[in-house]
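Notes follow the structure.
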Amino acid sequence: MLRAVLAVTFGGRRPAFDKERDLSAVELVPSAILLSMIIWIGVYPAVLSNTLQIARTLGIGG
(Lines give C-alpha, C1' and ligand atoms only; values in the text may rest on other atoms or scores of the structure.)
Protein backbone atom coordinates (compact mmCIF):
# COMPACT_ATOMS: atom_id res chain seq x y z
CA MET A 1 0.00 0.00 0.00
CA LEU A 2 2.77 2.41 0.92
CA ARG A 3 4.60 1.65 -2.29
CA ALA A 4 1.47 2.49 -4.31
CA VAL A 5 1.00 5.80 -2.46
CA LEU A 6 4.63 6.73 -3.04
CA ALA A 7 4.38 5.87 -6.74
CA VAL A 8 1.27 8.02 -7.16
CA THR A 9 2.54 10.92 -5.06
CA PHE A 10 6.19 11.06 -6.08
CA GLY A 11 6.09 9.42 -9.48
CA GLY A 12 8.06 10.81 -12.40
CA ARG A 13 6.82 13.32 -14.97
CA ARG A 14 4.64 11.95 -17.70
CA PRO A 15 5.17 13.31 -21.21
CA ALA A 16 1.41 13.21 -21.86
CA PHE A 17 0.89 16.06 -19.38
CA ASP A 18 3.69 18.35 -20.62
CA LYS A 19 1.36 20.34 -22.89
CA GLU A 20 -1.19 21.00 -20.11
CA ARG A 21 -1.26 24.39 -18.39
CA ASP A 22 -2.07 24.96 -14.75
CA LEU A 23 -4.82 27.61 -14.83
CA SER A 24 -6.10 29.94 -17.50
CA ALA A 25 -7.13 33.52 -16.71
CA VAL A 26 -10.79 32.49 -16.64
CA GLU A 27 -10.03 29.87 -13.98
CA LEU A 28 -7.51 31.97 -12.09
CA VAL A 29 -9.88 34.80 -11.09
CA PRO A 30 -12.52 32.63 -9.32
CA SER A 31 -9.78 30.52 -7.76
CA ALA A 32 -8.06 33.61 -6.37
CA ILE A 33 -11.34 34.98 -4.99
CA LEU A 34 -12.20 31.65 -3.36
CA LEU A 35 -8.71 31.27 -1.89
CA SER A 36 -8.73 34.81 -0.50
CA MET A 37 -12.16 34.26 1.12
CA ILE A 38 -10.97 31.00 2.69
CA ILE A 39 -7.88 32.69 4.09
CA TRP A 40 -9.87 35.74 5.25
CA ILE A 41 -12.43 33.66 7.15
CA GLY A 42 -9.63 31.49 8.55
CA VAL A 43 -7.70 34.50 9.87
CA TYR A 44 -10.68 36.65 10.88
CA PRO A 45 -13.62 34.28 11.61
CA ALA A 46 -15.63 37.01 13.36
CA VAL A 47 -16.91 38.08 9.95
CA LEU A 48 -18.85 34.86 9.64
CA SER A 49 -19.63 34.24 13.30
CA ASN A 50 -21.01 37.75 13.90
CA THR A 51 -23.37 37.39 10.95
CA LEU A 52 -24.60 34.05 12.24
CA GLN A 53 -24.97 35.43 15.77
CA ILE A 54 -27.16 38.32 14.54
CA ALA A 55 -29.35 35.92 12.58
CA ARG A 56 -29.71 33.67 15.62
CA THR A 57 -30.68 36.50 17.95
CA LEU A 58 -33.29 37.78 15.53
CA GLY A 59 -34.78 34.30 15.27
CA ILE A 60 -34.03 33.88 11.59
CA GLY A 61 -33.13 30.40 10.50
CA GLY A 62 -34.20 28.41 13.48
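Filtered by the rule that a residue be open to solvent by less than 90 Å² (accessible area, probe 1.4 Å), under 22 Å from the mean Cα position of the chain (by Cα) and not aliphatic (A, V, I, L, M), the stretch 4-26 gives Thr9, Ser24.
Would you be able to say whether some residue in the stretch 34-48 is open to solvent by 100 Å² or more (accessible area, probe 1.4 Å) and either modelled with pLDDT under 80 or touching a Ser or Thr at 6+ places or on another chain (Cβ under 6 Å) (or both)? No, the stretch 34-48 contains no residue that is open to solvent by 100 Å² or more (accessible area, probe 1.4 Å) and either modelled with pLDDT under 80 or touching a Ser or Thr at 6+ places or on another chain (Cβ under 6 Å) (or both).
The values are calculated or read from the model by the stated rules, or taken from the named source; none is laboratory data. Bear in mind that the values here come from a model prediction, so they are computed numbers and not experimental data. Note that each Cβ is placed from the backbone with ideal geometry, even for glycine, and that neighbours are counted across all protein chains shown. Quick note on the areas: whole protein, heavy atoms, side chains included, nothing else; ligands and nucleic acids left out. Shrake-Rupley method; radii C 1.70, N 1.55, O 1.52, S 1.80 Å.
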